[in-house]
Amino acid sequence: MRPDLFEAPDYYNLDELLSEEHKLVRDAARQWVKRDISPIIEEYAQKAEFPKQIVKGLAEIGAFGPYIPENYGGAGLDQISYGLIMQEIERGDSGVRSTASVQSSLVMYPIFAYGTEEQRVKYLPKLASGEFMGCFGLTEPDHGSNPGGMVTNFKDKGDHYLLNGAKLWISNSPFADIAIVWAKNEEGRIHGLIIERGMEGFSTPETHGKWSLRASATGELIFDNVKVPKENLLVGKSGLGAPLGCLDSARYGIAWGAIGAAMDCYDTALRYAKERIQFGKPIAATQLQQKKLAEMITEITKAQLLAFRLGQLKNEGRATSAQISMAKRNNVDMAIKIAREARQVLGGMGITGEYSIMRHMMNLESVITYEGTHDIHLLITGLDITGHAAF
């Protein structure tokens, strides 16, 4: 692995819009990535293994529930701080950011927003510290973009619920201590349940053979007559809007995270173009390479502005689901295009693990699909501006 010489691009002086706290939070995450992620991530991606030793570090930089109040173990930060942390972590690796996103937005957020006070006190501090790790079960083998079609269900058995079904493509599932699982009751209403490892009939087989998010653990959730205590029901909200509210928070984090991946690809390509000599001069002095690099920094800058404004709206409680969809779609699309262009700048060297670009490119193929596909987010914007659903 080459030394991590990353320098973050800030073409429009966006740092001037950040508070001192924002910059301290971001810089702490940036230094942690340089110290603890960059030296090991290529090795773990090559062997398709999640580096479990980083969990403590993620907790220490506030990556688990940064916006959760301090009395529940969170850092009590604002939404822009959350975004900046996700940006820095994904600059290191999308799979590591996925681990943090799931823990924060898909596990801690629903417990905080929809759970009872007893559930908050029981789970949130341990999740914030990394003592407990969690996962989120919504997607099923036959229901991805249409989560409302889920067949996972639970029945009221008097003193407990009986849960049956399966979930697929679940980040963190192989090692998660708890799972936030969405299932239909006997009336067909969607509810969230907290499922704990060790419950009889609950298993989490790992998914192998991935070419993307290789340093992230992915698996299934299998429920075979799992007895769930009634106090494990998330009573604060039901219906499809409940899990979609969690996804809004996660998609917001992805909109920032993708910028980090794009930044890393751009910085790598720029540095390489200045050093690589062909025909007696650096390739950075050629028109076509300058075109690639100039377009990269332009798109990164636009994405930064989009994410920052969205963060302001989130802080004010005014960000809409459709606005979050637009940012997730745009910024991930931007990042994957930059990864592909950056790979070309490096030529054959761009496919090797000596550089991060090919790993980012493969990771982003998942990011552009999960938590709302590229096409579905387009149709969400279409619905919002026309009033007509096309899905």
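State to the nearest 20 debye the size of the charge dipole of region 298-391 about its Cα centre, where the only charges are +1 on K and R beta carbons and -1 on D and E beta carbons.
Charge dipole of region 298-391: 180 debye, to the nearest 20.
How long is region 190-346 along each principal axis, judged by its Cα atoms, biggest number first, in Å?
Computed over the Cα atoms, the extents are 72, 41, 16 Å.
Multiply the residue gap between Gln290 and Lys210 by 0.36 nm, knock off their C-alpha separation, and tell me the result in nm, one decimal place. Mind showing how you got there, number by number?
Working: separation 80, 0.36 × 80 = 28.80 nm, distance 3.41 nm.
Fully extending the segment from Gln290 to Lys210 adds 25.4 nm.
In Å², what does the accessible area per residue of region 1-92 work out to with a 1.4 Å probe?
Details: 4330 Å² over 92 residues.
In whole numbers, region 1-92 has 47 Å² accessible per residue.
At a 1.4 Å probe, what is the % contribution of carbon and sulfur to the accessible area of region 219-330?
Result for region 219-330: 52 percent of the exposed heavy-atom area is carbon or sulfur.
Taking Lys210 as the anchor, which lysines have their alpha carbon closer than 27 Å to its alpha carbon, excluding any fewer than eight residues away along the same chain?
Lys34, Lys47, Lys52, Lys56, Lys167, Lys328, Lys337
Determine the gain in length on full extension of the stretch Arg318-Glu118; use 0.36 nm per residue of separation and subtract their C-alpha separation, reporting nm with one decimal.
This chain segment gains 69.1 nm when fully extended.
How high is the relative contact order of the chain, in percent, counting Cα pairs under 8 Å that sit 6 or more residues apart?
Averaging sequence separation for qualifying contacts and normalising by length gives 18 percent for the chain.
Run lengths n ≥ 4 of DSSP H only: what is the helix-derived mean residue ellipticity at 222 nm for the chain, with -39500 (n - 2.57) per run over all residues, to the nearest 500?
Calculated mean residue ellipticity at 222 nm is -15000 deg cm²/dmol.
Would you mind pulling out the separation of the Cα centroids of region 212-236 and region 339-375, in Å?
Result: 30 Å between the Cα centres.
Give me the accessible area per residue for region 245-391, probe 1.4 Å, as a whole number in Å².
Per-residue accessible area for region 245-391 comes out at 43 Å².
Could you provide, to the nearest whole Å², the per residue accessible area of region 98-178 with probe 1.4 Å?
36
Below 15 angstrom from the Cβ of Asp159, what's the summed charge of the other residues (Lys, Arg +1; Asp, Glu -1)?
So the surrounding residues net to +2.
For the chain, what ratio Rg/Rh do Cα atoms give with a Kirkwood hydrodynamic radius?
Answer for the chain: 0.98.
How much of the accessible area of region 68-174, probe 1.4 Å, is carbon plus sulfur, in whole percent?
C and S atoms contribute 51 percent here.
The values are calculated or read from the model by the stated rules, or taken from the named source; none is laboratory data. In this text the structure is predicted, and so the values were computed from the model without any measurement. Cβ atoms come from the backbone with ideal geometry, glycine included; neighbour counts cover every protein chain shown. Just the protein is used for accessible areas: all its heavy atoms, side chains included, with ligands, DNA and RNA removed. Shrake-Rupley method; radii C 1.70, N 1.55, O 1.52, S 1.80 Å.
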